[in-house]
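Only one structure is covered here, and it is reproduced in the block below.
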């Protein structure tokens, strides 16, 4: 007698936390040359399906879920969520990056690159800070104090992390293409050039 099981397949990144994603990435790096092992890794980390259960799935179910999971992995670009909630507190994305404090720019430069890796939570704790005032779509956030509260973002879902990453990366690309030279002349914005170089944006835009 076959046992019926239910498999919850994520359709977007709002059900996957940063901590889950990093465990997935570690296994992806370990099995990147083996397609079957990579697929099993996706089933395990994204659906909670262990290897034994995976082997006992019927072929049509396996192919359908595999297709959905690989599509999810390719669709990482997400819209920015300017205000998020961690626990019972609201956190806001830096309202105006051109007015970000000098200290915040310096601290972002300390990170090797802009990517979802073990250092990313530190960048998130700079970009997102507690909301102190809000009126409609406008809001103010707590001044940057140099605190690394990255651990608070470990259980934040990946739609929020990807939204922040792609917003920041796309902004840097736009700045380097259109207004980098003029912005570099403004107080505090010269630090952007270092961030652009370290993230590879200058190289990318120079070849487009």
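The values are calculated or read from the model by the stated rules, or taken from the named source; none is laboratory data. What you see is a predicted model, and the numbers here were worked out from it, not measured in a lab. Because the Cβ atoms are built from the backbone with ideal geometry, glycine has one as well, and the counts that use them run over all protein chains shown.
Results, tabulated for the structure shown:
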read-out	value
In segment 114-128, residue surrounded by the most Cβ atoms within 10 Å (Cβ to Cβ) [restricted to those that are modelled with pLDDT under 95 and over 10 Å from the mean Cα position of the chain (by Cα)]	123
Conditions (1) in a helix (DSSP H, G or I); (2) more than 30 Å from residue 125 (Cα to Cα); (3) out of contact with any helix residue (DSSP H, G or I) (no Cβ under 8 Å at 6 or more places or on another chain); number of the one not met by residue 4	(1)
Number of positions in segment 90-105 that are closer than 14 Å to residue 147 by Cβ and outside any strand (DSSP E or B)	3
Answer from 32, 6, 25, 20 - the residue that is closer than 20 Å to residue 158 by Cβ and at pLDDT below 90	32
Matching residues, segment 18-60, being within 25 Å of residue 4 (Cβ to Cβ), in contact (Cβ under 8 Å) with a residue 40 or more places away in the chain and assigned to a helix (DSSP H, G or I)	47, 53
Pair list, Cβ < 7 Å and 6+ apart or interchain, from segment 142-165 residues that are without any contact (Cβ under 8 Å) to a residue 24 or more places away in the chain to residues that are crowded, with 17+ Cβ neighbours inside 10 Å	142/129
